1. What percentage of all Cα-Cα pairs in the range 324-408 are separated by more than 15 Å?
2. For the ranges 92-103, 16-27, what's the packing order if you count other beta-carbon atoms within 10 Å of each residue, average per peptide, and put the highest first?
3. How about the range 202-258: which GluC sites (Glu not before Pro) there are in a DSSP loop, with at most 15 other Cβ atoms within 10 Å of their Cβ?
4. Treating only the Cα positions of the range 260-392 as identical point scatterers, give the base-10 log of I(q)/I(0) from the Debye formula at each q in 0.10, 0.12 Å⁻¹.
5. Among G79, I191, A95, which residue has its Cα positioned farthest towards the positive end of the charge dipole of the chain, with +1 placed on the Cβ of Lys and Arg, -1 on the Cβ of Asp and Glu, and the dipole taken about the Cα centre?
6. To the nearest 10 Å², what's L239's accessible area with a 1.4 Å probe?
7. About the Cα centre, and with charges only on the beta carbon of Lys, Arg (+1) and Asp, Glu (-1), how big is the dipole of the range 149-291? Nearest 20 debye, please.
8. Is the shape of the range 26-155 best called rounded, prolate or oblate, per the rule: a/c under 1.5 gives rounded, else a/b larger than b/c gives prolate, else oblate, with a ≥ b ≥ c the square roots of the Cα gyration tensor eigenvalues?
Amino acid sequence: MNQEAHGRGGRARKGAAGLETTVDALMDGVCADLKRLAAIPSIAFPGFSPEPVLQARDLLVALLRDAGVADIGELNLPGTAPVITATIPPPTPDAPTVLLYGHYDVQPPGDERHWTSPPFEPTDIEGGIRARGIADDKANLMVHIGTLRAYGGRPPVGINIIFEGQEEYGSAFDHYPPTDPGLFACDAMVIADTGNIRPGTPTLTTALRGAAELLVEARTLPAAVHSGQYGGPAPDALLVLLKALGTLHDVHGDVAVEGLRREPWTGATLTDDEFRELAGVPHGTPLIGTGSLGERLWSGPAITVIGLDAPPVADAASAVVPYARAKLNLRVHPRQDPKEALAALAGHLRRLRPFGIPLTVTPGEAGPGYEAATTGPAYRAARTALRRAWGADPVHSASGGSIPLVNGLAAAVPDAEILLFGAEDNRCNLHGPDERVLLSELRGALLAEAAFLAEYAAAYRPGGAV
Ligand SMILES: [Zn+2]
């Protein structure tokens, strides 16, 4: 690969020939700075001190400056941790600009008793490092900084850096980009908040599911009444609700609501065994639904009952339940409008009238999914770069989790290609206890990003024709 890159000439490609050696030499420093960053409990949730968030901001600004970035700014929005902005101008007028995104806030650690080592004491483990936020998303920030180091602060493309400080909790920033598109101007962006479907399998995440929520209520009586005296004819609200919830899936467990898009999944997917292990589904317990796992997980709908209000067993009286409600979480095909999907689900529930009793249905929030256009020059360059970094053909995958900002960025810069890859992998326990990053994945992501900049710079022609 080195030889070939060298042979095809071009300033950027010549500079890229020794990237493996350069990246290997950088790894110790990258890991040391990653540990410094991960030792800061930068949790941007209410109830946590805002100080560590600012400390992480300060460290990143210093690391960017040390990596040769002169033009560093900050965006402050109401109720939102600072967004670090920075730019490096393109080396030549016809070079492209690449936006590098990551976030420096982390999820709360949860119950620390479930951690093998304290969450904010980065700890070396076999082949990796364990700490809260080390994978999501601090390793990916170090991928960006490491990439700048690999080029001595003078990469072969223009750079536009966006390091967000309140991704995990959500903030005013999610909807900001379309209001200030100039800040996000670029030809391609690397949203480094994902990773490989499994360690060693280079993965471009090209689709994100949409999501929506809905409340459904059954009110049958003004108050509870004696189940011996009235039970039978007196309508039980919980039974009414359960009968409604029972119609959401067919006998196989496939979603039975009309109007929810479902298509074959054409990208890579987990094996059933990988899925079982990751989700903790014991052998002997069947998986629900039919069709490929990718179709059930990503290109088809899922409906989950995430909450139910009814008398708890401990307080159960011998009484007919007058009121019950459930909260449903809906996940939809990346290209289906989640509001349309939500309307389909709400319509289904409203039409039901179990035992003739109408339900009260209240649609909630809906967030769109995302599907990338994958045929442009940045995708071609990224596929070459990922193959070089991991020595295997890259696959396309999807993520069930949403990244709300992706849609905001796509709206702000509609012509930019959006790439999602990074140092995470499916077993890094993000948001759970014992989060970890593998050094093999960190090195791979760093090499991939550095190689991507070189490939993209060499292939890019202003105006888009390549
Ligand atoms: Zn993240």
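The values are calculated or read from the model by the stated rules, or taken from the named source; none is laboratory data. It should be emphasised that the depicted structure is a prediction, and the values quoted were computed from it without experimental measurement. Using ideal geometry, Cβ is built from the backbone for each residue, glycine included, and neighbour counts are taken over all protein chains shown. Please note that ligands, DNA and RNA were not included when accessible areas were found on the heavy atoms of the full protein model with its side chains. Shrake-Rupley method; radii C 1.70, N 1.55, O 1.52, S 1.80 Å.
1. 71 percent
2. Ranked from most to least packed, the peptides come out as 92-103, 16-27.
3. E258
4. Once normalised to I(0) and log-transformed, intensities are -0.55, -0.74.
5. A95
6. 90 Å²
7. 80 debye
8. oblate
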